[in-house]
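Q: Quick one: the structure is below, and I'll ask about it shortly.
The values are calculated or read from the model by the stated rules, or taken from the named source; none is laboratory data. All figures in this text were calculated on a predicted structure; none of them were measured in a lab. Here the Cβ positions follow ideal geometry from the backbone for every residue, glycine too, while neighbour counts run over all protein chains shown. Please note that ligands, DNA and RNA were not included when accessible areas were found on the heavy atoms of the full protein model with its side chains. Shrake-Rupley method; radii C 1.70, N 1.55, O 1.52, S 1.80 Å.
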Amino acid sequence: IPNSSILQDVIINWTLEDTILKTSLDLIIEDTADIALVDSVILKILNDHQHILKDPAPQILLKDICRNGYEIGIEFWIDLASEGRGKYIINDINRALVKDFKDNNIEIIDRSQFECGSKSRSSAQVHY
């Protein structure tokens, strides 16, 4: 929202009474990982969690392809009115990702080791 709009216009908080929250997680996996397997592992975790909404469906995005890994974006919706609270749902998802990735020999790369920049970035880029 532009600063001028905040100062001059009426701002409506459309989420004030809405308990549905879009949530996203980003992670980086090794470049030898099977992307289809990664997708299926993530989708199973999300679909099995009782507080993740089925509609709209969770999305998995291949956000970047770099020299030593893939940046994966995970987007899903949660209902904060359910018994679970947002940070605990994220905790559940993160713990399941760590366990299931280890079980499937999918390595998560530390961001500090992720080599991505103008020289190593894939030629296909999308700017938001």
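Q: In this structure, does Ile65 turn out to be under 13 Å from the mean Cα position of the chain (by Cα) and either modelled with pLDDT of 95 or more or farther than 14 Å from Ile108 by Cβ (or both)?
A: no
Q: Please specify each residue of the range 83-128 satisfying the condition of being modelled with pLDDT under 85 and among the β-branched types (Val, Ile, Thr).
A: Of everything in the range 83-128, just one residue is modelled with pLDDT under 85 and among the β-branched types (Val, Ile, Thr), namely Val126.
Q: Return yes when Arg67 is among the basic types (Lys, Arg) and touching a residue at least 40 places away in the same chain (Cβ under 8 Å) and no when it is not.
A: yes
Q: Considering every residue within the range 20-38, establish whether at least one is among the hydrophobic types (A, V, I, L, M, F, W, C), assigned to a helix (DSSP H, G or I) and touching a strand residue (DSSP E or B) at 6+ places or on another chain (Cβ under 9 Å).
A: yes
Q: I need the full set of residues from the range 39-49 which are open to solvent by less than 60 Å² (accessible area, probe 1.4 Å), part of a helix (DSSP H, G or I) and either within 17 Å of Gly86 (Cα to Cα) or of a type in the set (Val, Ile, Thr) (or both), in order please.
A: Val41, Ile42, Ile45, Leu46
Q: Could you list all residues from the range 55-75 that are open to solvent by less than 30 Å² (accessible area, probe 1.4 Å) and aliphatic (A, V, I, L, M)?
A: Ile72, Ile74, listed by residue number.
Q: Taking Ile52 as the residue in question, decide whether it is farther than 27 Å from Ser112 by Cβ and either open to solvent by less than 20 Å² (accessible area, probe 1.4 Å) or in contact with a Pro (Cβ under 8 Å, 6 or more places away or on another chain) (or both).
A: When the stated conditions are applied, Ile52 passes them.
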